[in-house]
Structure formats: structure tokens, C-alpha cells
1. Hey, can you rank 146-159, 83-96, 35-48 by average C-beta count inside 10 Å, highest first?
2. Run the helix sum for the chain: -39,500 (n - 2.57) per DSSP H stretch of 4+ residues, divided by residue count, reported at 222 nm to the nearest 500 deg cm²/dmol.
3. What distance in nm lies between label points placed 7 Å from Cα along the C-beta direction at Lys90 and Arg35?
4. Sorting Ser145, Ser135 on the 10 Å Cβ count, fewest up front, what's the list?
5. Kirkwood hydrodynamic radius, computed over distinct alpha-carbon pairs, for region 2-162: how many Å, to one decimal?
Amino acid sequence: MKSIVAVDKNWGIGKDNGLLFSIPEDMKYFREKTRGKVVVMGLNTLRSFPGGKPLRGRLSNIVLSDVDLPAEEGLTVCRSLDSLLEEIKKYPSDDVFVIGGGSIYRLLCDLCSEALVTKVDADGGATVFYPDLDSREGWELISSSEPLESNGYDLRFCVYRNKDLKTEL
């Protein structure tokens, strides 16, 4: 399982149930990495999508929530961490991406083998944060793109590896 996220320079990821920035290059990167894959999220992340609908073009959208949701094609609701972990075992681990929000990232971060982090060189005034992998025990930066500019923001695409993860789920 991997995590994919865009963070500001303080590891902020959102405010008011929305993204901090509108960055076309990051959205393109997200689509390229998650298309045809499984995405794992919390209820607020699902609700933040257009119409509150699952992302199209994904193998499955898995939501960790204890709220009843209407049955919808491509949507699986797991009511507990145990049921979520059982559900994702059905897929190759490299095909599963945690996509938010903050509580889901915190819950699953150390169960991920990698984190694909778009680092935006700006302060987005976040109220929700991703774990700071630069200072988190067991994580190491293994690659970073050259800086690029998109929609007025400087950013880098970074990959972190979880050195402590010994076995896949």
C-alpha cells in the first residue's frame, strides 16, 4: 500500500474540507498514479469529490466510515480498520493508494511502503496535516524531482520509503 498526497511547506494538506492549492501538474500526477488502481479514503474525502461520488477510472474506491452510504458501483465501505485491511488484501499492494483525509493518513501512514508526496513551496494556511516524513522515524526520502512551476507554485514530486515496513499486509 502506498500513500499519495500534496503538502505545503508545513506538511499541511487541507482546510475547510478542501485542498490547499489548485495545481494542474499535481492533479495530473495524481490521476496518472491512481488511474486503474484502488483508492482508500475517509468519508470527508469522498464528500469533497464532485457530487460526493467515487472517483471514476479507479478499480475501487474504499471508504473507511461507520456512516451508512448508498450502494454505488465502484464504492466499498469498511466500518473498521480490520475490515479495511481485509478488503485491501484482495488487491496487489502496489495498486492500493491512501488518498486522505488527515485522520486516514495518520491511521495508515506507517502501514504504507511508500509515500508519493508533492511538496509545494508555499504556506497554504492548513488546518489539517500529513505526518512530517522528514522527521518521522523509519521514513527516508529516496527521490525528488527537479523543481517545477505550476499555476504559480513551485513544487517537487518526492518519494519516501518506509524503512521499517518488513512485510506487506
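Nothing in this text is a laboratory measurement; each read-out follows from the coordinates by a stated rule. Since the structure is predicted, the reported quantities are computational estimates derived from the model, not experimental observations. Every residue, glycine as well, gets a Cβ built from its backbone with ideal geometry; the counts of neighbours run over all protein chains shown.
1. Highest to lowest by the protection proxy: 35-48, 83-96, 146-159.
2. That calculation yields -5000 deg cm²/dmol at 222 nm.
3. Once both label points are built, they end up 2.4 nm from each other.
4. Arranged by neighbour count, lowest to highest, Ser145, Ser135 become Ser135, Ser145.
5. 16.0 Å
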